[in-house]
Every structure is written in C-alpha cells, then in structure tokens.
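The values are calculated or read from the model by the stated rules, or taken from the named source; none is laboratory data. Given the structure is predicted, the values throughout are model-derived calculations rather than measurements. Please note: Cβ atoms are built from the backbone with ideal geometry, for glycine as well, and neighbour counts cover all protein chains shown. Remember, those area values only see protein heavy atoms, side chains included, never the ligands or the DNA or RNA. Shrake-Rupley method; radii C 1.70, N 1.55, O 1.52, S 1.80 Å.
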Amino acid sequence: MIATKRNCLAVILAAGESTRMKSSRSKVLHPVAGRPMIAHVVDALAAAGISDIALVLGRDADKVEAAAQNPAVTSSVHIQTERLGTAHAVLAAREAIAKGYDDVLVIFGDTPLVTEAPLTAARAGLAGGADVVVIGFEAADPTGYGRLIVENGELLAIREQKDASEAERAITYCNGGLMAIDGRKALDLIGRIGNANAKGEYYLTDIVEVVRATGGRAIAVAAPEEELTGCNTRAELAVIERLWQQRRRRQMMLDGVSMIAPETVFLSYDTRIAQDVTIEPNVVFGPGVTVESGAVIHSFSYIEGAHVSADAEIGPYARLRPGARLGAGAKVGNFCEVKQAEIGAGAKVNHLTYIGDAIIGEKTNIGAGTITCNYDGINKHLTRIGANAFIGSNSSLVAPVSIGDGAYVASGSVITTDVPDDAVAFGRARQENKEGRAVLVRERNQAAKAARKKAAE
Ligand code: UD1
Ligand code: CA
C-alpha cells in the first residue's frame, strides 16, 4: 500500500447555494439514512484512513461543521464568502493546503454514497506518478455532469455540460467530482484556472488542461456510478436514499439477516441487526436500533432508539420508541407502543397497549389495552412491575406506581397505589347483579315505544 505512506488532506466542498434543492438549509445537511449527507462523506474519508479534512463552507456553516464532526478526523473550516466556482472553493482552503501534503483529495459534500475504494484508487494514481487523478464513472444519464475527454489513457480535459459541444455531450464517461491532486503542485495549478466559460465560474475541472499545459499528467480512474451519484435536487436525494438502502440491505442479508421483501425494509445509518434475525415486509428502522440474534420483526413495525434482545418478537404493527429495551424472548404485539421502558425477558405485551417510562419484570403478562399513565401534564413518572405479574386487560396504571412480583391486577382496574408482591388488586367498582331486573327494563321500553307510536297516529 504505497498510498498509505503518503499523507493526505481531503478538501470537502460544501459551500454551494444548493439552489436546485429549493431548501431553506444547505443540501449537505439533508439526511440520507437518517444522517446528514456530509457525515457520510466524512465517514468514507475516515474509512480510507484520511484524517485531515478541510471543510469549505458557505451557508449554514456552523450546522454543517457540527454535522461533519467525526472522532476519527481533525477538520478545519474555511468560509468561501463568494461562490465563484469549484476551483475558487478549493482555494478557500489555501491555508490548509499550504501546510504541505503529498496528496490533496477534493471531494464534494453532495456525493454521500462514496466509499473508501475510489478514494484509495485516486491516491494510488498519484503514487503511480500522475499529477491529477479524476474519478470517473459511466453515467446512465450523463446530463449535468462534466464529460471526461480521454485519449490513449490520458485525460485531456473535462467539459462541463454547458460548455460541451454536441459531440462532447454524447460522451457518457463523467466526472464524479472526486479528484486527487499532487499536494505540492495543487495551489499553483488551481491558481492558474480562469473563468472564461458559459457560467463565468472558476471550474476545478479546468485543472486537467492546466496541468497538461505545464507538462504534467492527468488520468481518469473509473468507479461504479452508484458511488458517485451527486445530489442536486430532491429527486436525486430520493435516488441516493434508495441506492443507500439497497446497498445496506444487501450487506445485511449477506451477513445472515433474513428479509422477505427487502425492498420494503428501511434502515438507518446505524441500524445493527445480528445474524438469524427475520424481518418481515414493511418495517422501518429509525436511528439507534440494535436487534440481537433470533429476533423476529413482523410486518408494519416502526422501531427507533430501541434494543431488541435475542429471540424477542415485535409486531405486526408494533411501535418501539426511543429507550425501549426488550429482554430475551420478550414479545410486543400488534398496536402496542413502548417508550423508555424495559420489558423483561419472556414478558408479553401483546395487544393494544401503551407502555411508557416503565420497568417490567421477567415473564410478566400485560393484558390487552393496558395503559401506563406516565404523564401528568408536566412530569413523566415511572411504573414498576415485578416478575411473573399479570395485568388484566384494560387496566390503567397511574404512575408513579409499583406492582410487585407475582401480583395480579384485575381487568379494568385503575391502579393508583402500589400493589404488593403476590397480591390481587381490584381497582374498579364491584359488580352487582339485580335478579329479574332485565324483564322490567324490557317491559318499560316496549311501553314507551308503543306510546310514541300512538301519539304519532
Ligand atoms: C460538478 C463538476 C462536474 C461533475 C459533478 C459531479 C465542476 C465545475 N463541475 O458539477 O464536472 O460532473 O460536480 O457531481 O466542478 N461548491 C462550492 N463553492 C462553489 C461552487 C460549488 O463549495 O463556489 C460545492 C458545492 O457545494 C458542491 C460541489 O462544490 O458540494 C459541487 O458543486 P455543484 O454546483 O453541485 O457542481 P455540479 O454542477 O454538480
Ligand atoms: Ca453536484
């Protein structure tokens, strides 16, 4: 690995106006798999062992800087005050580049699907003697991308869509926006770029012709289109999300997760699912979910910020909200919502229930329609239920309240005071039966009906 011996600065360009996104915030803040686009780019750099990053920012600089934080990298921030093009943007990071690096890698904040492979390939090209290495891709639809003009293995020029001739527009080999430049020459080369083009911008892509004019060498290295898909519009954002999801689902399945209809399962950037978990169709994972081996996630479940232990079962139609922690073999069934609560191993919350701010012991059974009344309008309160307890259907547990191990709560109870271990709690009015009263009621109703009919005649 020659590339790893050379040091490297990555310059991430993210100062654009994001005009085409039609958004009140910078496009690099828009999430892919629940995480700002730019964080994905920083992750790829970190994975490629690149730890020095210069962020070129414009609008929302503070937010973008925060979104780009990553413990594996050190980043400096450079504000591009006027948006005069991608070459001008790189020069905003002049101070960082001038520190002296073997490799300067320029990458766009709007290509979140990039992985370590093309980054390493670009640097390998420099190590192999090129002065500029551009990562290209074969575009299914090249519209909008800069076209790579290659002859005999040499990259002659990159022509932007607006400046390209008819013949050049027919080229499908495109600039992925990822470029490695000899670090000792970078500032000089970029400084020579002019703005005589259709947009009147300083195009970084002109570095190819500039380096050739100085007797240097530029090459293009191909990468899969998917990795370099750029995000300029919301429609492209949706395409990127789809590609990200496909890639991650595939990886999970290869790692031993069963998905019956993978195209209907939506994952977050940090979803962790162990081997031998089964995920049925139409399941959504928000951020912060881990699922242990053998668990089954039935259809139409929505899970975020939750931990699901081995062999637990969720859904169909279950909602696990942040802080839900299910023990081994626990069950949360249809139309149940669990928030900030621990469901003990083997416990069952099977039907139509809300469990919020609660600790439920092992093997306890929570009957249909049970509600923890956790919120008094100002504060949240805890409900504790011991092990092997039984909560009868349609009970309201008014927190703060504790129910002991092995306790029974009669159906329809409103529990406002603690229930000791092994006690039975009746929190409802006692039932009374009136013998024969139904006959009287019926006769009275019939008489009233007859009277009404007569009055109407
Ligand atoms: C650019 C490339 C094009 C390539 C495509 C790949 C140029 C001139 N064109 O076009 O060859 O095929 O990316 O996706 O480089 N930015 C700044 N400051 C500026 C201008 C842009 O920071 O003054 C940033 C943007 O925030 C963005 C990136 O640079 O992250 C690229 O800019 P964008 O306008 O999206 O370029 P494209 O037209 O997509
Ligand atoms: Ca772009």
Got at least one residue in segment 67-84 being near ligand 1 (Cβ under 8 Å from one of its atoms), among the acidic types (Asp, Glu) and open to solvent by 20 Å² or more (accessible area, probe 1.4 Å)?
-> yes
Residues of segment 259-284 satisfying the condition of being out of contact with any Gly (no Cβ under 7 Å at 6 or more places or on another chain), open to solvent by 40 Å² or more (accessible area, probe 1.4 Å) and assigned to a loop (DSSP other than H, G, I, E, B) | 260, 280, 282
For segment 200-226, how many residues meet the condition of being more than 14 Å from residue 179 (Cβ to Cβ) and among the acidic types (Asp, Glu)?
-> 3
Exactly one of 75, 24 is over 23 Å from residue 202 (Cα atoms) and in a strand (DSSP E or B), and that residue is 75
Are any of the residues in segment 3-21 away from ligand 1 (no atom under 16 Å from the Cβ), without any contact (Cβ under 8 Å) to a residue 60 or more places away in the chain and not in a helix (DSSP H, G or I)?
-> no
Examine segment 380-398 for a residue that is without any contact (Cβ under 8 Å) to a residue 24 or more places away in the chain and open to solvent by 80 Å² or more (accessible area, probe 1.4 Å), and state whether such a residue exists.
-> no
Of the residues in segment 370-392, those that are at positive phi and either in contact with a Gly (Cβ under 9 Å, 6 or more places away or on another chain) or among the hydroxyl-bearing types (Ser, Thr, Tyr) (or both) come to 388
Taking segment 188-205 as the region of interest, how many residues are under 36 Å from the mean Cα position of the chain (by Cα) and either away from ligand 1 (no atom under 11 Å from the Cβ) or open to solvent by 40 Å² or more (accessible area, probe 1.4 Å) (or both)?
-> 4
Give the number of residues within segment 418-435 that are surrounded by 11 or more Cβ atoms within 10 Å (Cβ to Cβ) and either in a loop (DSSP other than H, G, I, E, B) or among the aromatic types (Phe, Trp, Tyr) (or both).
-> 8
Tell me, yes or no, whether segment 436-451 has at least one residue that is farther than 22 Å from residue 368 by Cβ and not in a helix (DSSP H, G or I).
-> yes
Identify the residue in segment 121-137 that is open to solvent by 20 Å² or more (accessible area, probe 1.4 Å) and in contact with a helix residue (DSSP H, G or I) (Cβ under 6 Å, 6 or more places away or on another chain) and, among all such residues, is nearest to ligand 2 (Cβ to nearest atom).
-> 124
Scan segment 95-121 residue by residue and report those that are of a type in the set (Phe, Trp, Tyr) and away from ligand 1 (no atom under 15 Å from the Cβ).
-> 101
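Conditions tested, residue by residue: (1) open to solvent by less than 20 Å² (accessible area, probe 1.4 Å); (2) modelled with pLDDT under 95.
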| position | (1), (2) |
| --- | --- |
| 5 | no, yes |
| 9 | yes, no |
| 22 | no, no |
| 26 | yes, no |
| 31 | no, no |
| 34 | no, no |
| 38 | yes, no |
| 42 | yes, no |
Taking interchain pairs and intrachain pairs at least six residues apart, which have beta carbon atoms under 8 angstrom, with the first residue in segment 49-62 and outside any strand (DSSP E or B) and the second of a type in the set (Val, Ile, Thr) and open to solvent by 10 Å² or more (accessible area, probe 1.4 Å)?
-> 49/4; 50/73; 51/73; 51/74; 61/77; 61/79
Can residue 342 be described as in contact (Cβ under 8 Å) with a residue 24 or more places away in the chain, under 19 Å from residue 320 (Cβ atoms) and surrounded by 17 or more Cβ atoms within 10 Å (Cβ to Cβ)?
-> no
Do any helices (runs of 4 or more DSSP H) lying entirely in segment 151-256 carry at least 2 residues that are more than 16 Å from ligand 2 (Cβ to nearest atom), and which ones are they?
-> 166-169, 186-191, 207-213, 234-254
Here the residues within segment 79-129 that are outside any helix (DSSP H, G or I) and within 27 Å of the chain's Cα centre (by Cα) are 105, 106, 107, 108, 109, 110, 111, 112, 113, 114, 115
Of the numbered conditions (1) among the charged types (D, E, K, R); (2) more than 26 Å from residue 412 (Cβ to Cβ); (3) not in a loop (DSSP other than H, G, I, E, B), residue 319 satisfies every one except a single condition; which is it?
-> (2)
Exception for residue 144 within (1) out of contact with any strand residue (DSSP E or B) (no Cβ under 6 Å at 6 or more places or on another chain); (2) within 16 Å of ligand 2 (Cβ to nearest atom); (3) modelled with pLDDT of 95 or more falls at (3)
Which of the residues belonging to segment 130-140 are within 27 Å of the chain's Cα centre (by Cα) and assigned to a loop (DSSP other than H, G, I, E, B)?
-> 139, 140
